[in-house]
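The next block holds one structure in the form of C-alpha cells; read it before the comments.
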Amino acid sequence: MYGTIARFKLKKECLRDFMALGKEWDENERVRAAGYINSEILWEDKEDGRACMVVHFTSKEAYVKNANSPEQDRFYRKMAACMDGEPEWIDGSFQPWDSPYSRPPAWAESEAR
C-alpha cells in the first residue's frame, strides 16, 4: 500500500465547501482513480482549522497516475482553494506503509533525543 499525508490549515469560511468535496469525490472522482483505497481527515486540536489528510492507494504507480491526471489537478485546485496556503506534503517518497521498517519519522532520526 502507498500513500501520502497532507498537513494544512482550512479557511474557516470554506469548511462547508471543503466537506462537500468529500461527497463529490465519493460520487464522481473515486471511480476514475484506479487503485484508490481510502482517505481520512484528522483534525488537530492545537489550532483551529489544522488537519492532516491521509490518502491510501494500492501502489505507487496507481497513486502517481492519479496525481498526474488532469482530473485530479482540477479536483486538487478546488480543495486547495479552501486552504490557507499550500499544504505540507509528508511522505512524498511514496514509502510502503505496510512495513514498520520502511522509514522512521524524522524526530526519531534526529540527534537530539
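The values are calculated or read from the model by the stated rules, or taken from the named source; none is laboratory data. Keep in mind it's a predicted model, so treat the numbers as computed, not measured. Every residue, glycine among them, receives a Cβ derived from its backbone with ideal geometry; neighbour counts consider all protein chains shown. To get the accessible areas, we keep the full protein, side chains included, count just its heavy atoms, and leave off ligands, DNA and RNA. Shrake-Rupley method; radii C 1.70, N 1.55, O 1.52, S 1.80 Å.
If you go through the stretch 9-23 and keep only what is over 15 Å from Glu40 (Cα atoms), open to solvent by 40 Å² or more (accessible area, probe 1.4 Å) and assigned to a helix (DSSP H, G or I), you end up with Lys12, Glu13, Leu15, Arg16, Asp17. Taking the criterion of being over 21 Å from Asn38 (Cβ atoms), in a helix (DSSP H, G or I) and at pLDDT 80 or above, the only residue of the stretch 75-109 that qualifies is Arg77. Kindly indicate whether Val55 is open to solvent by less than 30 Å² (accessible area, probe 1.4 Å) and not small (Gly, Ala, Ser). Yes.
Can you confirm whether Cys82 is touching a residue at least 24 places away in the same chain (Cβ under 8 Å), out of contact with any helix residue (DSSP H, G or I) (no Cβ under 6 Å at 6 or more places or on another chain) and open to solvent by less than 30 Å² (accessible area, probe 1.4 Å)? Taking the combined requirement at face value, the residue does not satisfy it.
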